[in-house]
Amino acid sequence: MRRGAITCSEETSLHFVAQIMVVNRIRYCTIVNANHEVRGLISADNMLNAFGRDFNETTVKEILNPDTIVTVTLGTPIEDAVALMAQKGIEHLVVVSERAGSRAVIGIVCANDIVAKMARRQELEVLS
Amino acid sequence: MRICDLMHKGVISCYTEDTVKDVAKMMDDHQFRSVVVVNERGEVWGLITYREMLPYYGEDISKLKARDIMRQYRFEVDPQWPVERAVELMKRLQYYHLIIVDPHVGTKWPVGILTSFDIVRYMAQLEAGHFEQLLKLGGEKT
């Protein structure tokens, strides 16, 4: 996984989220609340749902569906994480804290890291 | 704005008989999320993205062929289409990588690719020199 994540709040405009993605060359942005707990993840694919609207006026909250958050913890086996990605048809998973009641963001698992592993045939038991 | 103004010119391609391991290496070496599968005449036949690769994690991908896992690609996208039409197609078909073919030749030769990230680049509306300004603003906040 990649430790740390680039985050923004639900009140951020989609125009600014797009700029965050482009400047940082990432295809996702993790959405957190005031307590730094994960609320969701917006990918470049999700951003298309807002195409045609005023990007400056539309906020993340309007296109984010918190019910679709997919998270794993540091102890999740890599095979389970990949199976989850394949099943849900997503390319990023948010890794959150294992502490009970905490949803603090620890990092991100990206599909390109998985494909890199497949190319190099390296086995990894757990995410950490 | 037209598709040809936003798309990546050129594609990374493989043949239907290439192994999935070769495809994974191409993706890793070039840091591309998608590889266009072409037939022996160089025509677009299918597409392999990370989503097609993930279900085969842990398997012996050196024995699998590109044609076994590729997503069929049966439509043509013209580089002169407006971006709005491309976005509509992406949303409707859930294809976030559109292969652009040359409309002036009979065969479906790929000339470029348009991804959801290219659309985000368009949404960001960053002008030349604006990158530095944005990074500076971000730095001041932290």
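Before moving on, here are some points about what is shown:
- Enumeration of residues in region B:86-118 that are surrounded by 14 or more Cβ atoms within 10 Å (Cβ to Cβ), among the basic types (Lys, Arg) and without any contact (Cβ under 8 Å) to a residue 24 or more places away in the chain: B:LYS91
- Residue within region A:61-73 that is within 13 Å of another protein chain (Cβ to nearest Cβ), surrounded by 12 or more Cβ atoms within 10 Å (Cβ to Cβ) and not hydrophobic (A, V, I, L, M, F, W, C) present: no
- Here A:ALA81 meets the list (1) within 14 Å of the chain's Cα centre (by Cα); (2) under 18 Å from B:ILE119 (Cβ atoms); (3) at pLDDT 90 or above almost entirely, failing just condition (2).
- In region A:93-125, the residues that are farther than 13 Å from B:ALA24 by Cβ, within 12 Å of another protein chain (Cβ to nearest Cβ) and modelled with pLDDT of 90 or more: A:LEU93, A:VAL109, A:CYS110
- Any hit, region B:32-45, residues being more than 19 Å from B:ILE12 (Cα to Cα) and more than 11 Å from chain A (Cβ to nearest Cβ): no
- Hits in region B:67-88 (condition: within 14 Å of chain A (Cβ to nearest Cβ), farther than 20 Å from A:ALA83 by Cα and out of contact with any Lys or Arg (no Cβ under 8 Å at 6 or more places or on another chain)): B:GLU84, B:ARG85, B:ALA86, B:VAL87, B:GLU88
- The residues in region A:1-43 that are under 18 Å from B:LEU126 (Cα atoms), more than 10 Å from chain B (Cβ to nearest Cβ) and either of a type in the set (Lys, Arg) or in a loop (DSSP other than H, G, I, E, B) (or both) can be counted, and the count is 1.
The values are calculated or read from the model by the stated rules, or taken from the named source; none is laboratory data. All values derive from a computational prediction rather than experimental measurement. Note that each Cβ is placed from the backbone with ideal geometry, even for glycine, and that neighbours are counted across all protein chains shown.
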